[in-house]
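Engineer: What follows is a structure written as structure tokens; I'll ask about it next.
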Amino acid sequence: MQFSFYFASLKKSHQRSDLTSLFLFVALALPLVHPVNHCWGQDSQQGQPLLNMVLFVPSDVEPPPGVQRRFAQIAAITEEFLVKEMTKDGYPPAVTTPFPRDKRGNYKFLFIRGEHPVDSGKYDKPGFQHVVIDAAVQKYNLSRDRHVWWVWVYLGDPPKRFSDYRGGGNSIDGGWAMCNYTNIPGELDPKLPLAGGLNQDLTLKACIHELGHGFGLPHLGPMSRDRRGNTLMGPQTKVYHDKVDAREKEVYLCDATAAMLWRHPIFSDSIAKRLQMPKFAMTSCQGEFNRSGRYLEITGEIDSDIPAHSVIVVEDAPEGGSDYFRKSFAGKVDEDGRFRVKVTELDREEGNLRIFFCFENGVNTGNGKEQGIKSGITQQYRVTRRGVELVQPAGTGS
């Protein structure tokens, strides 16, 4: 596959250097074979959000050679990882190639040059993402359809780097993520795990982790029962190696993460009722401990104006503990609003669970007012001689 790189500058004085860089990129570009199953053009009339991949550099820094090819490799690996993992978890997305392409199926990337030099310190920390986004919207004549922006900051060759990765967003507002672009030699191998080889040297797991926050995903840790390595939204690779398994390089999406992503407009190819917060009531909720299976089964029913497809249960992180290792559980909601989810591997004798629902329009909420874990219905649990039980289960509504 060929690919296209579109340039914008925050200052007219950089137009000549941008043009020079464009010719450099074209000269260095090589094909990257990757099948195209679905292609979005940048048609601002459609109202469909885009997953925009942006390279940002300060005013006195030139984009590194080969960045176009590397971006295409990263985009292909990211698409393959997310689609494969969502499908494996039982949530196959409608959109299997979410990064924008042109009419010939070529990747389309964006370039923004800042107003300040690298030594100004203006670009050392997150906080300037909206400046980049506004510049891209204006220069590329994009709509403001609440896109998701993956901004890669290049401050120069190592040891210079943008070190404070961040991201945030939700299905209604769109989102953003910022991470470091590392210019080191080598070819990315899609067969390698995200925490292995050059993928790890480029902190690819951490970069896609921040993109996950741009989609609205919270920190959710690995489950022992899965035996699939570290989770994308779990701890940093070094932390995982120190606390769990120093040899493990595999990374996966847990069921709850896949459920939360499934109907996001980027992956559902639909903006139907995107801006509408569901109105609903959890009319029943109860828990029963299964002694033979050693798990707590939570069942109940939800009445909503927008159908819910899944229920998510997350164990609150212990006080002073890390939410990167939070246990999460996902269950399906049937067409009548009945749900069922199995809760296992609880680490403490008592604590709180957060319950929220994933709706067909992409919203993930427990209170009908905001999205994510913080909106979840709090349900206390305790471990007794009879097993795990809910404390005063109750319904709620919005």
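The values are calculated or read from the model by the stated rules, or taken from the named source; none is laboratory data. Everything numeric in this text was worked out from a predicted model, so none of it was measured. As a convention, Cβ positions derive from the backbone with ideal geometry for all residues, glycine included, and neighbour counts pool all protein chains shown. Each accessible area value is taken on the protein alone, full model and side chains, heavy atoms only, with ligands, DNA and RNA left out. Shrake-Rupley method; radii C 1.70, N 1.55, O 1.52, S 1.80 Å.
Engineer: Take every DSSP beta bridge whose two residues both sit in the chain, then give the antiparallel share in percent to the nearest 5.
Structural biologist: Close to 65 percent.
Engineer: Would you list Thr365, Thr96 from the most to the least accessible area, probe 1.4 Å?
Structural biologist: Heavy-atom accessible area, descending, gives Thr96, Thr365.
Engineer: Would you compute, from DSSP H runs of 4+ residues alone, the mean residue ellipticity of the chain at 222 nm, taking -39500 (n - 2.57) per run and dividing by the full residue count, rounded to the nearest 500?
Structural biologist: It lands at -6000 deg cm²/dmol.
Engineer: When all protein chains stay in place, what accessible area (Å², nearest 10, 1.4 Å probe) is found for Ile306?
Structural biologist: Counting only protein heavy atoms, the figure is 10 Å².
Engineer: How large a share of the accessible area of the stretch 54-211, in percent, is made up of carbon and sulfur atoms when the probe is 1.4 Å and the other protein chains stay in place?
Structural biologist: Carbon and sulfur atoms account for 49 percent of the accessible area of the stretch 54-211.
Engineer: What angle, in degrees between 0 and 90 and rounded to the nearest 10, separates the Cα long axis of helix 129-139 from the longest principal axis of the Cα atoms of the chain?
Structural biologist: Orientation of helix 129-139: about 50 degrees from the principal axis.
Engineer: Let me ask you something else. Largest first, what is the accessible-area ranking of Arg104, Arg274, Arg340, Arg382 with a 1.4 Å probe?
Structural biologist: Arg104, Arg340, Arg382, Arg274
Engineer: Quick one: accessible area per residue over the chain, 1.4 Å probe, rounded to a whole number of Å²?
Structural biologist: Counting only protein heavy atoms, the per-residue value for the chain is 45 Å².
Engineer: On a 0 to 90 degree scale, rounded to 10, what angle separates helix 204-215 from the longest Cα axis of the chain?
Structural biologist: 70 degrees
Engineer: Roughly speaking, what is the centre-to-centre gap between the stretch 54-130 and the stretch 137-185 when only Cα atoms are used, to the nearest Å?
Structural biologist: Between the Cα centres of the stretch 54-130 and the stretch 137-185 lies a distance of 7 Å.
Engineer: Same structure again: Based on C-alpha coordinates, I'd like the Rg and Dmax of the stretch 246-297, in Å.
Structural biologist: 17.7, 46
Engineer: Quick one: dipole size for the chain, taken about the Cα centre, charges +1 on Lys/Arg Cβ and -1 on Asp/Glu Cβ, in debye to the nearest 20.
Structural biologist: 380 debye
Engineer: Quote the accessible area belonging to Ile377 in square angstrom, nearest 10, computed with a 1.4 Å probe and with ligands, DNA and RNA left uncounted.
Structural biologist: Surface accessible to solvent at Ile377 totals approximately 30 Å².
Engineer: Give me the net charge of Lys327's neighbourhood, meaning all other residues with Cβ under 13 Å from the Cβ of Lys327; Lys, Arg count +1, Asp, Glu -1.
Structural biologist: Net local charge, Lys327 excluded: -2.
Engineer: Past the 20 Å Cα-Cα mark, which pairs from Lys88/Lys342; Lys88/Lys238; Lys327/Lys374?
Structural biologist: Distance filter (> 20 Å) returns Lys88/Lys238.
Engineer: As a test of reading the structure, rank Ile133, Ile271, Ile184 by solvent-accessible area (1.4 Å probe, protein chains only), most first.
Structural biologist: From most accessible down to least: Ile271, Ile184, Ile133.
Engineer: Okay, next question. At what distance in nm do the modelled label points of Asp173 and Lys84 sit from each other, each positioned 7 Å from its Cα along Cα→Cβ?
Structural biologist: Label at Asp173, label at Lys84, 3.3 nm between them.
Engineer: GNM on the chain, C-alpha springs below 10 Å: top fluctuator among Gly300, Gly234, Gly387?
Structural biologist: Top of the fluctuation ranking is Gly387.
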